[in-house]
Amino acid sequence: MLNIVLFGPPGAGKGTQAEKLINKYNIVHLSTGDIFRANIKGETELGTLAKSYMDGGNLVPDEVTIKMLEAEVDKNPNAEGFIFDGFPRTTPQAESLEEFLTGKGTTISVMLALDVAEQELIKRLLLRGKDSGRADDANEEVIANRISVYNEQTAVVADFYSQRNKFQKVDGVGSVDEIFDRLCATIDEYKISL
Ligand code: AMP
């Protein structure tokens, strides 16, 4: 299986690149943010719970997020692999994912971390806020909080994969196609080493 953690701060381009990668590698895209947003739209209990955290740019509690993610993986028993987009965002999430995948006889192949400077992220998020309809993209204070949550709680997840020799940094600035080519080159290099 090819299991990729697509990593990076909010606005790094994870969602855009994940959509392209799933077509090329025939794997399943699991975005915890998208799943939460679908639950909010569907007015589920999970959606109501997640909304209060998301509106402020804070993380939904680990227990809830992990349970939801595992259920989504289980919905795809025949998948040839997954792109985890927006997950794991904390070390306990990374530990749980490792344990969960090990139990299924698989593991994370590689973490691809999109590298984008903070000023560029804010610019991209505000631009996205104009047409994405995402409340958490339209408010500069919420954006600032999401970036500080990333720096304080999420950035350390890179160490988890780096300690396991699975961390690959990829330049996240350039055209969508240029960045896509960089990601594919890194994945293909990894696949050759299998
Ligand atoms: P995203 O679409 O990845 O930017 O996520 C939007 C929001 O959903 C985040 O700001 C969090 O409130 C919530 N969220 C998404 N993924 C996670 C996660 N792995 N852990 C906790 N909260 C999450």
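The values are calculated or read from the model by the stated rules, or taken from the named source; none is laboratory data. Model, not experiment: these values are computed from the prediction. Because the Cβ atoms are built from the backbone with ideal geometry, glycine has one as well, and the counts that use them run over all protein chains shown.
Within the stretch 91-125, can you find the residues that are at pLDDT below 95, surrounded by fewer than 18 Cβ atoms within 10 Å (Cβ to Cβ) and in contact with a helix residue (DSSP H, G or I) (Cβ under 8 Å, 6 or more places away or on another chain)?
Once the filter is applied, which keeps residues that are at pLDDT below 95, surrounded by fewer than 18 Cβ atoms within 10 Å (Cβ to Cβ) and in contact with a helix residue (DSSP H, G or I) (Cβ under 8 Å, 6 or more places away or on another chain), the stretch 91-125 yields 118, 122.
Considering only residues that are among the hydrophobic types (A, V, I, L, M, F, W, C) and without any contact (Cβ under 8 Å) to a residue 24 or more places away in the chain, look in the stretch 32-66 and name the one that is nearest to residue 9 (Cα to Cα).
In this case the residue turns out to be 50.
Contact list please: Cβ distance under 6 Å, first residue in the stretch 152-165 and touching a residue at least 60 places away in the same chain (Cβ under 8 Å), second residue in a helix (DSSP H, G or I) and crowded, with 17+ Cβ neighbours inside 10 Å, pairs at least six apart or on different chains.
The qualifying pairs are 157/94; 160/94.
Looking at the stretch 81-100, I want the residues that are of a type in the set (Phe, Trp, Tyr) and have a partner that is part of a loop (DSSP other than H, G, I, E, B) with Cβ atoms under 9 Å, at least 6 apart or on another chain. Which pairs are those?
82/1; 82/27; 82/76; 84/108
Yes or no: the stretch 28-45 includes at least one residue that is assigned to a helix (DSSP H, G or I), over 12 Å from the mean Cα position of the chain (by Cα) and closer than 21 Å to residue 148 by Cα.
Yes, there is a match, as at least one residue in the stretch 28-45 is assigned to a helix (DSSP H, G or I), over 12 Å from the mean Cα position of the chain (by Cα) and closer than 21 Å to residue 148 by Cα.
Please pick out the residue among 172, 133 that is within 15 Å of the ligand (Cβ to nearest atom) and more than 25 Å from residue 72 (Cα to Cα).
172
Looking at the stretch 68-82, is at least one residue more than 9 Å from the ligand (Cβ to nearest atom) and in a strand (DSSP E or B)?
yes
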